[in-house]
Every structure is written in C-alpha cells, then in structure tokens.
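Q: One structure follows; several queries about it will come next.
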Amino acid sequence: MFEKIITTLFMLMYIPLWAMGQAVTGRIVDDKSNPIPSVNCVLLSVDSVFITGSISDNNGHFTILAQSDKDYILSISCISYESISQLCKVGNVGTIVLKEKTQMLSEVAIVGKRIKYKSNGYTINLKNESLAKGKQATELLAFLPGVTMEGESVKVLSQSPHAIYVDGIKIQNNSELESIPASQIESIEIDYLAGVSENANARGGVIKVKLKKEKQGGYSGYFRGTASVLTNYGYQGESLNNSFSARYGKLSIRNNILYSHRLFLEDAYENHFFKLEENRITSTAEMRDWKKRFYDRLSLTYDFSKKHSLGFSGLYYTDRDRIKTETSFVENETEHLSLLKSPTSRDKYQAVLNYAWKIKRGRDFSVTADYLRNDLEVNQKEIVDKGNERISHTTQQTDMLRIRPVFTTQTKHGELGLGGEMQYVDYEDYIRNTSETEGLVSTMKGYQPALYANYSSSYKQRLRYEVGIRYQGNLMDVKTMDVTNENKDWGFCPMVSLMYMANPQKGHILSLQYKRMMEELPYSVISTYKQYESPQTYVVGNPALVSPTTDQLMAMIGLFNKITFMAGCVRVSDQIYYATEIDPETSNISYIIPRNGDSQTAFMFGLEGNLKPFKWWQMKANVNMAINSAKTDIYHVKGQERWSFSLNNDFDFGKTFGGTLSAQYEPDSHYLDAMMKSVCSVYGSVYKNFFKNQLECKLDFTLYRKGREIITDTKEYTLAHLNDTKEQKVALSLTWHFKGGKKVKVSQGAKSIQDYYEYTNDKQQ
C-alpha cells in the first residue's frame, strides 16, 4: 500500500513534464549488440539528485520523461554489467553498450567465469579463464555445471548430448572436440534438453562451443605432437594436430587438421552356456589393430556487409584399420582356434553452407544447407581350425541432405522463433557372403519434413520461460531381399522450459523442462544383415520394429553456485530393447536382435558439488543414480538401480604450471537382463609452459582402469563377457602456440557489426 501511495505522488508530481511530451530515449545492448531488458535507467540532476527513471524493455529501448531546458546525468545500471553515467539532454542518446563485469561473484566455484542463465540452461564465458589452461575442450567440459565425463563420453544431466556444435557446425566425431585447446574457446552454451529446433528424436541436451574470433588482420594457431605408451603392451602410437585461424577484411578462415596412428587392442574372455543342450563354450580373444585416422575441417566466413554474411565449412574424414582377432575356445572339451581379419575403411565428407541476414536489430534470418556422405567398407574373413572359412564383403553408402531456414524476431515481451527442416536420407548396403545370398542389396530412403515454433521471454527477470512445438514426419522405405517395409510416422513434439532465479547473486536457481520426442528407426536396427561379433554371436536388425515415443521431465536446483541437484523421469512407449536369443538353425550360436517392449521408465537423480579448498585447488564431485523399470514379452523388471561416482580435481600452481587428477567408479548394477560388474578408473595430467606460454609440455596418464564384465542371463542362454584390457598408459604432448598479424582497416559499410565496433574503437584510441 505504501509503495502505491509513493508511486501516485510521483505521478502527480510529474504530470506537467508528461504534458510537455519531452523525454530522454535510447537503447541498451551488450558488447555483442544483443538487447538487454530490465536495465535501470535513472535521470539525476547535475548535483546528483534523483529526478526520475524507468527500465528498458525486451528490445533494450528506454524512455524517461524530462524537461527540455535542463542538463541531466543519465545513470545506467544492471546486475552483471558495469554501470555507466554520462551527461545528456532531452532527446535520443543513441545506443549504449554495457560491458559485462570482469569478475563474477565470489561464490562462483569456477572462478572468473561469467554465467548467463536462460530457461533451458546457461552460457559460460571463458575469456581469460585460468581453468582452461593445460586442457583440451573435453577435459574442460568435466568442470562445467551439469556436465560429466564417463570415460570418453560427455554427459549433460546424466544423458548423452544429442548434438555438439562448434561455431554453429554440428561435429561428426568427438576427435574434433578433443583436438581443440580449451584456451581457444570463447564461450560454451549448455542446453539441458535439445529444443524444438533439433530433430524430434533428440533426447539429451546440446553443447554449443564458440571459438575465439581473430582481431582484424590477425592470425593464430598451434602445432601439437603426441606420443603414448601402454605400460603393459608397449608403444601405442602418435598423433599430429595443426590449427590455423585468420581474419582479413571481410574474410575469416579456420582450418583444423588431425592425423593419428594408434594401436587399438582389447583382451576379452567369454563364457557361453546353452541351457537346453547343457553346452558350454569358453573363449579368450586378443584383438589387435593399428588404426590410421585423418581429418581436415576448413571453415570460411565472408561478411558482405554488416547485415549479410555467407559461411562455408567442409570436412574430410578417413579411418583405416586392419583388425585381427585371435580367439581360442573350448566346446565340449574340444579346443578350437579362430582367426578373424576385418580390414575396414571409413570415409566421411561434409559440406555446410550458411547464409545469415540481420534484417534489423532484433530480427534475423538464416538458412543452412548441410550435406553429409558416409562410405564404409568391411571385409571379413574368418578361419576356424585352419579349415572352415567364412568370408563376407560389405559396402555401405549414406547420403544425407538437410536444409534449415530459421527466422527470429524480438517482440514486445520476448523472442519468437520460426523454422523448418527438410532432411533426405539415402542408405544403401551391398553384401557378398559365401554362406548366404550373393549380392544382397538393402536400401533405406526417405524424408523427414518438420516445422517448428518457439517463444521465449521473462517475467521481472526472475522467471524465464520458453515454449515450443515441432511437427515432424519420418517417412522411410526399407527394402531388403525384395521385401519393402514402410515406416511413416507423423507427430507433434511439444516442449516447455522454465527457470526461476530465486537469488541470482547467491546462485539460487530452479529449472524445469518437459519434452515429448518421436524416435526414428536407424538403419542399423532394421537391416536383416548378420554381423558376427564372435564365432558364437552375431547381431541382426528387425524390420518389424515400431518407432518409440518418449516423454521426458527434468528438474534442476542450483544453490550458492556450488551445489546442483538434478532429478528426471523418462518414459518410453514401444521402447526398443536388445534380446539375446538362440539361432533356430544352429543351437550353439546366439544372436542379438532389437525388439519392441511395452514401456520403459527411468528415474534419474544427480548431485553435484563444487569446492575450492585452496586458491590453487578446485574440485568437482558427482553422484548419479538411475532407477529403471521395463516390461517386455520376455521379462518384467522393476527398480533396477545404477550408481556412478566421479571426482575431478584441477590444480593451478601458477601461470605456467598445473595439472588434473580424476577418478570414476560404478558399482555392480543390473540393466534389463544384464548384470554389469563394477568398473573404476583413475587418470590425470600435468602441464608446464615455457617461452611466455608459447610452448606447452603436457603429460597425460592413466593410473588404473578396470574393465567391464557383463553377464547376460536368459531362460535359454547365459553369457559372461569380460573386457580384460590393461589400459594403464602415459602420453606426452608438445604444443607450440603462435599468433601475429596487424590490423587492417576496411570501409565501414563493408564490415560486420563486430568489425564495426572494433574499427570505431580503434579510431577513438
């Protein structure tokens, strides 16, 4: 009541000013030209006495009523931004740029990071961040809120991310991410759940990495060489990595090259027991292979003007290996020896073309065309007891073309996004097998058309929300052995995301997301081709599968910027599970086949804590648990628990010296018809920089890693599989960083917005 009275008095006091229609107007944006809403805009007299004020709208515009014949002090302030005060008169003061504060609140565990929360996640600015020293991109991710590393796999809120983007390009292999030094990253955006702009089957989150952009006329890059040794097997291999980026006038260029030559090995033990015949087969296998891998990604961006730009990214990836597996097995007390050779070649080509149009402030349009080609060739030759021979030759070719137009606009209270997608897939599989039909051709062709809309806004800067809906079709035809199966699904996939900032200063936040997904059926689960994994086991697809539907609900609570609690529920209808069954033609061979179950429900819980015991020591601990229940034609399970624990430590001993030490542990657990025995790993790194940080020497090590044992038990069959590989290793890498160039001034009309601000600032200096 008191506030209403005061407000009324102020209104009555300034009626004469309003009647004159005089005002101070302007617009407030950040250093990337994005509008900043809810900024406090205050007019003071020249002797700093408060007169009146207002706040900026969602487009950053503000209006303050005032008298025309006076001088004023305009004071602009907003949380997380540096305040500005300047003299002004009645009229338009133009665009005011606010800079983010150089340091965050002391409560933030990841020191120096600038965190911007949104309804579905956050963005972290990593400029000049000490935590990035001596790390690759994947190592840095393990220290971010809500992100964990399980072995070499990235998890967002305990789920595998649907996609990882680097500068707007969806990467095709984690090697691209692993090859990026964390020091080259400007910011990382984490989406807890993929939005409606992603494919309808997107279950996990999305990671968007933005690399630092070169200053006008500048260039930088690095050369890195790595050699590694497996302590129990000897020399493992080497890799070479080079990255170069430059910016000259209207053209930006970036190129990343990787070559690796590495020994792949696996020691395994298996115990097969066929219950009906009481037949037992035990085997030990040694898999050895020298893998060669090479990729080159070239990215170009040309700014025609401050409104129009065209980008291109091309990727060539090749992988060659000659896997040789020697297996000795005993069947009914008779010893056998199997030799399996599987020379494999993989080639991947990607071309991405993007056009961006900044129609006007707060209104953008872009269209992206993405072409991807995958070629796979596998030659298998298995000889059993130096007599029986099984030969197969497989070639697979996949062509995918995706076109995505996107339009976004700022409205009075938020942002509206409209987009569409058309994806075409052409998959062809050619098989030649001595024991089966010669020249079998299996194909999959189809379209995935989609339309989506999303709207995001905020209420009093405390509550941020986003709603969206996607309408998508999966129109696929699969043909195998002259039999055609049609899979045509249409569905609406809604999404709602909320985030409440209870206390932004102390890091108290609450987020909630709901999403419905329509799963697609990849070719691998449909194809009826048999892929042998061992002499006693093969994998085959099932063309009768039905597309599953998934509902997912996620909640997250953050406290003090140090503690994160996560809870979620995933329910899948017509879920796909993998059943182990006996070959009807050969009783001593089992096969794995995907089938539809009735439903599957998983409850997920996670607790994450950040602690900084000392200035030089930062740690992050995670505890995750999943409770699975499923109902199928074969079994009905309920309350299967799976736990995981991880601890990551970062040590910063100065500007040039530091390291990491991490540990992961998973106790015994059950999942459907499989029991997974405990696994554990301890690994870390030490780095030292020389010559003003131009040369980095880094030692990566794995102290201990226990392989996984999986026991599958059905009514007819039991299989115990143990990965007994000794993975202790040491790797030494040397990285030379370089940079140089000089500023190039180009005409104002031919530059991007970012270039414009750099140019004008240079002139002022």
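Q: Filter the range 152-181 for residues that are outside any strand (DSSP E or B) and either surrounded by 20 or more Cβ atoms within 10 Å (Cβ to Cβ) or in the same structural domain as Phe605 (by TED's automatic domain parsing) (or both) and give the result. Steps first, answer last, please.
A: Start the filter on the range 152-181 by keeping residues that are outside any strand (DSSP E or B), which leaves 152, 157-158, 160-162, 167-168, 171-180.
Once the filter is applied, which keeps residues that are outside any strand (DSSP E or B) and either surrounded by 20 or more Cβ atoms within 10 Å (Cβ to Cβ) or in the same structural domain as Phe605 (by TED's automatic domain parsing) (or both), the range 152-181 yields Leu157, Ser158, Pro161, His162, Glu176, Ser179, Ile180.
Q: Kindly indicate the residue of the range 623-645 that is farther than 18 Å from Ser573 by Cα and either in contact with a Leu (Cβ under 7 Å, 6 or more places away or on another chain) or among the basic types (Lys, Arg) (or both) and also surrounded by the most Cβ atoms within 10 Å (Cβ to Cβ) among those meeting that condition.
A: Here the answer is Arg642.
Q: Taking Val637 and the conditions (1) in a strand (DSSP E or B); (2) β-branched (Val, Ile, Thr); (3) without any contact (Cβ under 8 Å) to a residue 12 or more places away in the chain, which numbered condition does it fall short on, given that it satisfies the others?
A: Among (1) in a strand (DSSP E or B); (2) β-branched (Val, Ile, Thr); (3) without any contact (Cβ under 8 Å) to a residue 12 or more places away in the chain, Val637 violates only (3).
Q: Kindly indicate the residue of the range 555-592 that is among the hydrophobic types (A, V, I, L, M, F, W, C) and outside any strand (DSSP E or B) and also nearest to Tyr192 (Cα to Cα) among those meeting that condition.
A: Quick first cut of the range 555-592, residues among the hydrophobic types (A, V, I, L, M, F, W, C) only: 555-557, 559-560, 563, 565-567, 569-570, 572, 576, 579, 582, 589, 592.
Right, trim to outside any strand (DSSP E or B) and you get 560, 589.
Numbers: Phe560: 19, Ile589: 42 Å.
The selected residue is Phe560.
Q: Quick test for you: out of Glu286, Glu270, Glu214, Glu238, pick the one residue that is modelled with pLDDT under 90, charged (D, E, K, R) and under 26 Å from Ala182 (Cβ atoms). Reasoning before the result, please.
A: Working: Glu286 fails: under 26 Å from Ala182 (Cβ atoms); Glu270 fails: under 26 Å from Ala182 (Cβ atoms); Glu238 fails: modelled with pLDDT under 90.
Going through Glu286, Glu270, Glu214, Glu238 in turn, the sole match is Glu214.
Q: Filter the range 426-462 for residues that are at pLDDT below 90, within 23 Å of Met517 (Cα to Cα) and aliphatic (A, V, I, L, M) and give the result.
A: Met444
Q: If you don't mind, another one. What about Ile51, is it at pLDDT 80 or above and not in a loop (DSSP other than H, G, I, E, B)?
A: Values: at pLDDT 80 or above: no; not in a loop (DSSP other than H, G, I, E, B): yes.
In short, no.
Q: Still on this structure, I have one more. Go through the residues of the range 258-274 one by one and say whether even a single one is surrounded by 17 or more Cβ atoms within 10 Å (Cβ to Cβ), outside any strand (DSSP E or B) and assigned by TED's automatic domain parsing to the domain that holds Thr714.
A: No - not one qualifying residue is present in the range 258-274.
Q: Filtering the range 98-116 down to residues that are surrounded by fewer than 18 Cβ atoms within 10 Å (Cβ to Cβ) and not polar (S, T, N, Q), which residue is modelled with the highest pLDDT? Walk me through it before giving the result.
A: Step one: list which residues in the range 98-116 are surrounded by fewer than 18 Cβ atoms within 10 Å (Cβ to Cβ), which gives 99-103, 105-107, 111-112, 116.
Subset that is not polar (S, T, N, Q): 99-101, 105, 107, 111-112, 116.
Values: Lys99: 83, Glu100: 76, Lys101: 68, Leu105: 34, Glu107: 32, Val111: 37, Gly112: 35, Lys116: 80.
The residue in question is Lys99.
Q: Within the range 558-593, which residues are modelled with pLDDT of 85 or more, surrounded by 18 or more Cβ atoms within 10 Å (Cβ to Cβ) and within 20 Å of Asn628 (Cα to Cα)?
A: Hits for the range 558-593 are Met566, Gly568, Val570, Val572.
Q: Anything in the range 690-741 that is within 18 Å of Arg224 (Cβ to Cβ), in contact (Cβ under 8 Å) with a residue 12 or more places away in the chain and outside any strand (DSSP E or B)? List them, or say none.
A: Asn693, Gln694
Q: Test of understanding: among Phe605, Phe614, Phe651, which residue is over 28 Å from Val570 (Cα atoms) and surrounded by fewer than 16 Cβ atoms within 10 Å (Cβ to Cβ)?
A: On the way: Phe605 fails: over 28 Å from Val570 (Cα atoms); Phe651 fails: surrounded by fewer than 16 Cβ atoms within 10 Å (Cβ to Cβ).
It is Phe614.
Q: Going through the range 655-689 one residue at a time, which ones are without any contact (Cβ under 8 Å) to a residue 24 or more places away in the chain and either outside any strand (DSSP E or B) or among the charged types (D, E, K, R) (or both)?
A: Filtering the range 655-689 down to residues without any contact (Cβ under 8 Å) to a residue 24 or more places away in the chain leaves 661, 663, 665, 668, 682-683.
Matches in the range 655-689: Asp668 only.
Q: Output the residue which, of all residues in the range 544-557 that are surrounded by 17 or more Cβ atoms within 10 Å (Cβ to Cβ) and touching an Asp or Glu at 6+ places or on another chain (Cβ under 9 Å), is farthest from Lys506 (Cα to Cα).
A: Among them, the one singled out is Leu545.
Q: Within the range 293-313, can you find the residues that are in a strand (DSSP E or B) and either surrounded by fewer than 16 Cβ atoms within 10 Å (Cβ to Cβ) or of a type in the set (Val, Ile, Thr) (or both)?
A: Filtering the range 293-313 for residues in a strand (DSSP E or B) gives 293-303, 308-313.
Answer for the range 293-313, where residues must be in a strand (DSSP E or B) and either surrounded by fewer than 16 Cβ atoms within 10 Å (Cβ to Cβ) or of a type in the set (Val, Ile, Thr) (or both): Phe294, Asp296, Leu298, Leu300, Thr301, Tyr302, His308, Leu310, Phe312.
Q: Now a separate question. When the range 368-388 is examined, which residues are found to be of a type outside the set (A, V, I, L, M) and farther than 24 Å from Arg320 by Cβ?
A: Thr368, Asp370, Asp385, Lys386, Gly387, Asn388
Q: Can you tell me which of (1) under 30 Å from Pro35 (Cα atoms); (2) more than 26 Å from the chain's Cα centre (by Cα) is the one Thr395 doesn't meet?
A: The failed condition is (1).
Q: Shifting gears a bit: Please enumerate the residues belonging to the range 616-631 that are in contact (Cβ under 8 Å) with a residue 24 or more places away in the chain and not polar (S, T, N, Q).
A: Applying the first criterion (in contact (Cβ under 8 Å) with a residue 24 or more places away in the chain) to the range 616-631 yields 616-622, 624, 626-631.
Trp616, Trp617, Met619, Lys620, Ala621, Ala626, Ile627, Ala630, Lys631 - these are the residues of the range 616-631 that are in contact (Cβ under 8 Å) with a residue 24 or more places away in the chain and not polar (S, T, N, Q).
Q: Within the set of pairs 6 or more residues apart or between chains, which connect a residue that is within 22 Å of Leu353 (Cα to Cα) inside the range 170-186 to a residue that is polar (S, T, N, Q) and part of a helix (DSSP H, G or I) with Cβ atoms less than 8 Å apart?
A: Listed pairs, sorted by first residue: Asn174/Thr138; Leu177/Thr138.
Matching residues to (1) basic (Lys, Arg); (2) surrounded by 14 or more Cβ atoms within 10 Å (Cβ to Cβ):
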site: Met676; (1), (2): no, yes
site: Ser685; (1), (2): no, yes
site: Lys692; (1), (2): yes, no
site: Lys698; (1), (2): yes, yes
site: Asp713; (1), (2): no, yes
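The values are calculated or read from the model by the stated rules, or taken from the named source; none is laboratory data. On a predicted model such as this, the values are computed, not experimentally measured, just so you know. Here Cβ is always computed from backbone atoms with ideal geometry, including for glycine, and neighbour counts include all displayed protein chains.
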